[in-house]
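Values in this text are rule-based calculations from the coordinates and carry no lab data. Note that this is a predicted model, so its numbers are computed, not measured. Here the Cβ positions follow ideal geometry from the backbone for every residue, glycine too, while neighbour counts run over all protein chains shown.
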Amino acid sequence: MASHNDLGFKGEAIAKAFLEKQGYEILDENWVHGKAEVDLIAYLNRQIIFVEVKTRTSVAYGMPEDFVSETKQKQMDLAANEYIELMNHKGEIRFDIVSVLFDKQNNYTINHIEDAFWPS
């Protein structure tokens, strides 16, 4: 498996542990609907949160969260609509981004952006 995939899985595990420590319940990981994948689906305060995790080792081309494209946002919206229908969820939802940035010593920083976008 490619090392960038390993980095992505590592970032998702870190993001999951971070969210759980903050009191979020993780409902699903790597949930797929059609072409769309949602890295983490969490639950907190009667709200379902769809989370995109971005992991990088450099900011040379921008911060990790800058790489959540409009196309990705639309795909997440489609997946979210399917998920809330399947779960018969009648409450609020939101879309978050968790970015994990590693330095050369393999230390990392986490940036959790709540309500990061709302697909149009």
Degrees between helix 3-21 axis and first principal axis of the chain (Cα, 0 to 90, nearest 10): 60 degrees
With Cα atoms, 0 to 90° folded angle of helix 70-86 axis to the chain main axis: 40 degrees
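Could you please report the charge total around Gln73, scoring K, R as +1 and D, E as -1 over all other residues with beta-carbon less than 14 angstrom from its beta-carbon? If you can, show how the numbers build up before the last one.
Working: positive: Lys35, Lys54, Lys72, Lys74, Arg94; negative: Glu37, Asp39, Glu52, Glu65, Asp66, Glu70, Asp77, Asp96, Asp115.
Around Gln73, the charge tally is -4.
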Amide hydrogen neighbours beyond the local backbone of Phe117, cut-off 5 Å, H modeled: Phe95
Cβ-derived FRET efficiency at R0 22 Å, Asp66 paired with Lys104, nearest 0.05: 0.60
Length added when fully stretched, Asn5-Ile84, from 0.36 nm per residue minus Cα-Cα: 25.6 nm
Residues whose placed amide H lies under 5 Å from that of Lys54, excluding near-sequence neighbours: Val98, Ser99, Val100
Residue-averaged 222 nm ellipticity for the chain, from DSSP H runs of 4+ at -39500 (n - 2.57), nearest 500: -10000 deg cm²/dmol
Segment 29-108 - Rg over Rh from alpha carbon coordinates, Kirkwood radius: 1.04
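Expressed as a rounded percentage, what relative contact order does segment 3-113 have, with Cα pairs under 8 Å and six or more residues apart?
Answer for segment 3-113 is 26 percent.
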